[in-house]
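> Have a look at this one before I ask anything.
Since every read-out is calculated from the coordinates, none of them should be taken as a lab result. Here the structure is a predicted model, which means the values were calculated and not measured. Please note: Cβ atoms are built from the backbone with ideal geometry, for glycine as well, and neighbour counts cover all protein chains shown.
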Amino acid sequence: MKTKLKTIKNLSKGLMVLALAGSINTANAQEKESNFKMGFNADGYFKIDPSKRNENSKTRFSNSLNSFELGMASFDVQHKSGKVTTYIDLGAGKRADAFSSNSVNSEFFIKQAYISVEVADGLSLTGGSFKKHIGYEQINVVDNANYSMSYAFSNTNFFNTGLKLDYKMDLFNFMIGVGNAADFKSAIDAKSNKKNYFGQFGYNRENTKFIYGFQTVGTNDYPNNIIQNDVIVEHKFNDKITAAINFSNYNYNMSSSRSWNSLAGYVKYKLNEKVNLNYRGEFFETDKQIRNRMAFDYGGGSVFSNTFTGNYKVGAFTIIPEFRLDYASERIFTLNKKTSNFNTFFLIGTTYKF
């Protein structure tokens, strides 16, 4: 009952937020400098796993089996007036429930809600809740080449709530910020008054991108130095081929023996205007000492994951067939009632966006 009341409460808040955004747009429709945008996207999938065990899926968001599943439906609105931009991003579905697990147990979630002010040319100050800046993969499925997510994505935070300062200068961009405990909209919900710091440095020239990001992840329970460093390098070779490498290190108390590491490679091949072929390979490893502290319990050891994904686009609709093979150093999977180092699955995902 308590969970249902929270769901209704958050749904009401979301509807009020959307109503307010709509009224702002109507009131400012005649302003020449005002700009109002809205968008919608949704995803779902059906998965087949030979093991017939949900627990063999060791990453988030695609661990249902032999069931038609709604991932997440998202609706976002943006209003810009002069140098002030207001943005609201709402999500509903099981994927939204997983994103909101730290604050509420609900299938409706206010993902992002912030106000950004351009205080000078290239310099902006943003306050509120905004998506993470760590990692190559994005929150919404429509923004990714693969449907299932990496181990690194599953074990890091998704949102920050606080203040950040962004500066763009020619080919470079910089960001620095401070916020609540990761993924908590409120320090009261987190039961922690410890603030975390995050930042980013980016370089973008022609077809090449380099991004370095970091964040601290301390709470009152874990007040010592916990830091995640993340590096992304992406290069577009031509109109058809794009490749990227993402290295991420999550370090407890600045000790190399108490950390997890991920090295992931991405290759995207544009066959034609409708069909894309994509591959992700990830090596993920950690130490036994920190598994009970990880954001998502995948079972332990090191894992080499291979994901082959196709995208077939029909207008705003995309069909996503995907095959995945994971090999682990330890027997963390179960196949035919026996433990195994291997697991495979096949899924058909879909997305719609306007």
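> How many nm is it between the label spots at Phe201 and Phe354, if each spot is 7 Å from the Cα in line with the beta carbon?
About 4.4 nm separates the two model spin labels.
> State the extension gain, in nm to one decimal, for the chain segment bounded by Phe304 and Gln138, taking 0.36 nm per residue of separation less the distance between their alpha-carbons.
Gain in length upon complete extension: 57.7 nm.
> In a shell of Cβ-Cβ distance under 15 Å around Tyr266, excluding Tyr266 itself, what net charge do Lys and Arg (+1) and Asp and Glu (-1) give? Don't skip to the end; give the middle numbers.
Working: positive: Lys209, Lys236, Lys240, Lys268, Lys270, Arg280, Arg324; negative: Glu137, Asp143, Asp230, Glu234, Glu282, Glu322.
Cβ neighbours under 15 Å give a net charge of +1.
> Something else: Which trypsin sites (Lys or Arg not before Pro) from region 297-354 combine a DSSP loop assignment with at most 16 other Cβ atoms within 10 Å?
Hits after loop and neighbour filter: Arg331, Lys337.
> Okay, next question. Can you work out the PRE-style zone for Lys52? Point 7 Å along Cα to Cβ, and I want the residues of region 330-354 with backbone N under 15 Å.
Label zone hits: 334-338.
> At R0 = 45 Å, how high is the FRET efficiency between Lys270 and Lys168 if r is their beta carbon distance? Nearest 0.05 is fine.
FRET efficiency, Lys270 to Lys168: 0.95.
> A further question follows. Run the dipole for region 130-178 about the Cα centre, Lys and Arg Cβ at +1, Asp and Glu Cβ at -1, nothing else charged, and hand back the magnitude in debye, nearest 20. Spell out each step's value before the answer.
Details: 4 positive and 4 negative charges, 29 e Å.
It comes to approximately 140 debye.
> I've got another one for you. Rounded to two decimals, what ratio of Rg to Rh does region 295-344 give with C-alpha atoms and a Kirkwood Rh?
Numbers: Rg = 15.0 Å, Rh = 12.9 Å.
Over the Cα atoms of region 295-344, Rg/Rh equals 1.16.
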